[in-house]
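A.B. asks: First the structure, which I've put down as structure tokens, then a few questions once you've had a look.
The values are calculated or read from the model by the stated rules, or taken from the named source; none is laboratory data. Since the structure is predicted, the reported quantities are computational estimates derived from the model, not experimental observations. Here the Cβ is made from the backbone with ideal geometry for all residues, glycine too, and neighbour counts use every protein chain on show.
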């Protein structure tokens, strides 16, 4: 069941508990926010505890999450729909923060952030917003739309396009990739449709124009000696 309404509880777990007094001071003037310290130090168990305080916001540290199965954690938190998770991080590197977003966390900030920033971060994730640098969110959106581009070639299509651009015939491509010529023809038709072209020369020009680095190369002695 997805929690709804304004989260009254703020649950503190894992290593974030060392900042317990500071967090309480940040919300000292808030009559509608109750601060609760989790009993467990394990992320999965903390999420189970949160079910007793729904709707709530959970604050944990990055080290607490580094030991969990990211997929399982994301499912238990329902990607922030059930329990919005705000993470204390020592550094805001793109790779680390991207991994936190991928596992369903709603945001992150440094534990020494000013009180006003901490309050705004909690209110943002409680309202269903992501709390992260705009540049990182822009990158996340670009990656998402790129991966869902209907014109994006598959890995196999990339291989075939690379060999086609090198001037190899269908039978040579088939032999090098250990697939049938009919399969090669099927992939080439798909490549033509996605790129909006109609011939091999146009495909080769496309590969050259975008500086395609061949994923597969034909050996000097013919396809029979190609190592896969």
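A.B. asks: Residue 111 - would you say it is touching a strand residue (DSSP E or B) at 6+ places or on another chain (Cβ under 8 Å) and more than 20 Å from residue 71 (Cα to Cα)?
C.D. replies: yes
A.B. asks: Just the residues that are under 19 Å from residue 33 (Cα atoms) and either touching a helix residue (DSSP H, G or I) at 6+ places or on another chain (Cβ under 7 Å) or surrounded by fewer than 20 Cβ atoms within 10 Å (Cβ to Cβ) (or both), please, taken from region 50-79. Spell out the reasoning first.
C.D. replies: Initial filter on region 50-79 (under 19 Å from residue 33 (Cα atoms)): 50-60.
Correct list: 51, 52, 53, 54, 55, 56, 57, 58, 59, 60.
A.B. asks: Has region 94-107 got at least one residue that is out of contact with any helix residue (DSSP H, G or I) (no Cβ under 9 Å at 6 or more places or on another chain), under 26 Å from residue 143 (Cβ atoms) and either without any contact (Cβ under 8 Å) to a residue 40 or more places away in the chain or surrounded by 15 or more Cβ atoms within 10 Å (Cβ to Cβ) (or both)?
C.D. replies: yes
A.B. asks: Let me ask something additional. Here are some conditions: (1) out of contact with any helix residue (DSSP H, G or I) (no Cβ under 7 Å at 6 or more places or on another chain); (2) crowded, with 17+ Cβ neighbours inside 10 Å. Residue 116 meets all but one. Which one does it not meet?
C.D. replies: With (1) out of contact with any helix residue (DSSP H, G or I) (no Cβ under 7 Å at 6 or more places or on another chain); (2) crowded, with 17+ Cβ neighbours inside 10 Å applied to residue 116, the lone miss is (2).
A.B. asks: Okay, next question. Going by the conditions given, is residue 65 under 24 Å from residue 91 (Cα atoms), at pLDDT 90 or above and in contact with a strand residue (DSSP E or B) (Cβ under 9 Å, 6 or more places away or on another chain)?
C.D. replies: For residue 65, the condition - under 24 Å from residue 91 (Cα atoms), at pLDDT 90 or above and in contact with a strand residue (DSSP E or B) (Cβ under 9 Å, 6 or more places away or on another chain) - is met.
A.B. asks: Keeping to region 119-138, report how many residues are surrounded by 13 or more Cβ atoms within 10 Å (Cβ to Cβ) and assigned to a helix (DSSP H, G or I).
C.D. replies: Qualifying residue count, region 119-138: 10.
A.B. asks: Residues to consider are 44, 34; find the one that is in contact (Cβ under 8 Å) with a residue 12 or more places away in the chain, touching a strand residue (DSSP E or B) at 6+ places or on another chain (Cβ under 7 Å) and over 20 Å from residue 110 (Cβ atoms). Steps first, please.
C.D. replies: Working: 44 fails: touching a strand residue (DSSP E or B) at 6+ places or on another chain (Cβ under 7 Å).
Just one listed residue meets the conditions, 34.
A.B. asks: Same structure again: Restricting attention to helices (runs of 4 or more DSSP H) lying wholly within region 1-115, give those where 2 or more residues are more than 19 Å from residue 131 (Cβ to Cβ).
C.D. replies: Ranges flagged: 20-26, 43-50, 70-77.
A.B. asks: For region 140-162, name all the residues that are surrounded by 13 or more Cβ atoms within 10 Å (Cβ to Cβ) and modelled with pLDDT under 80. Spell out how you get there, then give the answer.
C.D. replies: To start, the set of residues in region 140-162 that are surrounded by 13 or more Cβ atoms within 10 Å (Cβ to Cβ) comprises 140, 153, 156-162.
140 - this is the single residue of region 140-162 that is surrounded by 13 or more Cβ atoms within 10 Å (Cβ to Cβ) and modelled with pLDDT under 80.
A.B. asks: When you check residue 84 against the structure, is it modelled with pLDDT of 90 or more and buried (at least 21 other Cβ atoms within 10 Å of the Cβ), yes or no?
C.D. replies: yes
A.B. asks: Just a yes or no: is a residue in region 135-155 within 30 Å of residue 27 (Cβ to Cβ) and without any contact (Cβ under 8 Å) to a residue 40 or more places away in the chain?
C.D. replies: yes
A.B. asks: Collect the residues in region 12-31 that are over 21 Å from residue 90 (Cβ atoms) and touching a strand residue (DSSP E or B) at 6+ places or on another chain (Cβ under 8 Å), keeping them in residue-number order.
C.D. replies: The answer is 24, 27.
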